[in-house]
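Asker: Below you'll find the structure I mean.
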Amino acid sequence: MLRFLGFLSALFAGMIAFAACSGGGGGGGGGGTPPVQTEPPPVIVTQAFPSGVATAAGGGTAWDITGVKTTLYGQFHYASGNAYDTLRVDVTFAQDVSNALPAPGQSLSKPTQLGMSVAIDNGGNGFFTTCAGSKSDTPFEYASDEGDNPSRLPDGNYSILSSGGPIYSGPSNPAAEAQTTLAGHVISQTFFLDAVGASAGASVPKVKIDVAAINGTLTTATDCVPAGNGEISANGA
């Protein structure tokens, strides 16, 4: 928890400094205004997947993932010391998902409800298995909660899980949560890279992901992409 509070302190301090540097000012004195570090160009990766392949072994809705878009970008002007500080994952489903998630503060429990987990690989030495579920190594260090460990958070976001469960427990703290929005056929989750150990200074982070969907029967994933042992490279490499 302390590292997230430290990250937020640095973040807000950087934003204040940025505002001070950007604001107009009169008066004399030498030196001028220090140069402001601009946001880096976003890195966008889009991948489509075949529809009609989802299954629901335990019954309920067979939630079907048809596309994933990842965007790496910097929004805080190096306040955290990194050019890229944020990962957004937009997941498109064959079905309308605008009313599919459990209500904020509630657990995934109904066969018609949807749980989505974004697994994040920041180095290949993780705790979560790939979509195949049978690979001997587990490259994903972090994953967003599907809504049953423990539930969707009261603020509408989801916990980020690591080896021992959620990385943060307490009042609403978006910096340590999978920030979640949805509309139509798309669910989006946004992660601060510092929270998932994927910060890379001035470089583009080498982060990879998988995405799984499950319904409220809590049996097996209805769909998982990419299939097998593949990963989506958010840095485009």
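Asker: From (1) over 20 Å from Val211 (Cβ atoms); (2) charged (D, E, K, R); (3) not in a loop (DSSP other than H, G, I, E, B), pick out the condition that doesn't hold for Arg88.
Answerer: Checking Arg88 against (1) over 20 Å from Val211 (Cβ atoms); (2) charged (D, E, K, R); (3) not in a loop (DSSP other than H, G, I, E, B), the one that fails is (1).
Asker: What about Thr181, is it under 21 Å from Thr130 (Cα atoms), touching a strand residue (DSSP E or B) at 6+ places or on another chain (Cβ under 8 Å) and either crowded, with 19+ Cβ neighbours inside 10 Å or of a type outside the set (D, E, K, R) (or both)? Talk me through it step by step, then tell me what you get.
Answerer: On the way: under 21 Å from Thr130 (Cα atoms): no; touching a strand residue (DSSP E or B) at 6+ places or on another chain (Cβ under 8 Å): yes; either crowded, with 19+ Cβ neighbours inside 10 Å or of a type outside the set (D, E, K, R) (or both): yes.
No.
Asker: Within region 144-156, identify whether any single residue is buried (at least 16 other Cβ atoms within 10 Å of the Cβ), assigned to a strand (DSSP E or B) and touching an Asp or Glu at 6+ places or on another chain (Cβ under 7 Å), and answer yes or no.
Answerer: No; the residues of region 144-156 include none that is buried (at least 16 other Cβ atoms within 10 Å of the Cβ), assigned to a strand (DSSP E or B) and touching an Asp or Glu at 6+ places or on another chain (Cβ under 7 Å).
Asker: Is there a residue in region 91-100 that is buried (at least 21 other Cβ atoms within 10 Å of the Cβ), hydroxyl-bearing (Ser, Thr, Tyr) and part of a loop (DSSP other than H, G, I, E, B)?
Answerer: No, the conditions are met nowhere in region 91-100.
Asker: Could I ask something else about it? Please pick out the residue among Thr46, Thr86, Thr70, Thr92 that is at pLDDT 95 or above and in contact with a His (Cβ under 7 Å, 6 or more places away or on another chain). Walk me through how you get there before you give the answer.
Answerer: On the way: Thr46 fails: in contact with a His (Cβ under 7 Å, 6 or more places away or on another chain); Thr86 fails: in contact with a His (Cβ under 7 Å, 6 or more places away or on another chain); Thr70 fails: in contact with a His (Cβ under 7 Å, 6 or more places away or on another chain).
Being at pLDDT 95 or above and in contact with a His (Cβ under 7 Å, 6 or more places away or on another chain) holds for just one of Thr46, Thr86, Thr70, Thr92, which is Thr92.
Asker: Mind checking whether some residue in region 213-235 is in contact with a Leu (Cβ under 8 Å, 6 or more places away or on another chain), under 24 Å from Lys110 (Cβ atoms) and assigned to a loop (DSSP other than H, G, I, E, B)?
Answerer: Yes, the conditions are met somewhere in region 213-235.
Asker: Further question: What number of residues within region 160-209 satisfy the criterion of being at negative phi and part of a strand (DSSP E or B)?
Answerer: Initially, region 160-209 is screened for residues at negative phi, giving 160-164, 166-169, 171-183, 185-196, 198-200, 202-209.
Still in the list and also part of a strand (DSSP E or B): 160-162, 166, 177-183, 186-192, 208-209.
The number of residues fulfilling the criteria is 20.
The values are calculated or read from the model by the stated rules, or taken from the named source; none is laboratory data. Keep in mind the model is a prediction, meaning the values are calculated, not measured. Virtual Cβ from ideal backbone geometry, glycine too; neighbours counted across all protein chains shown.
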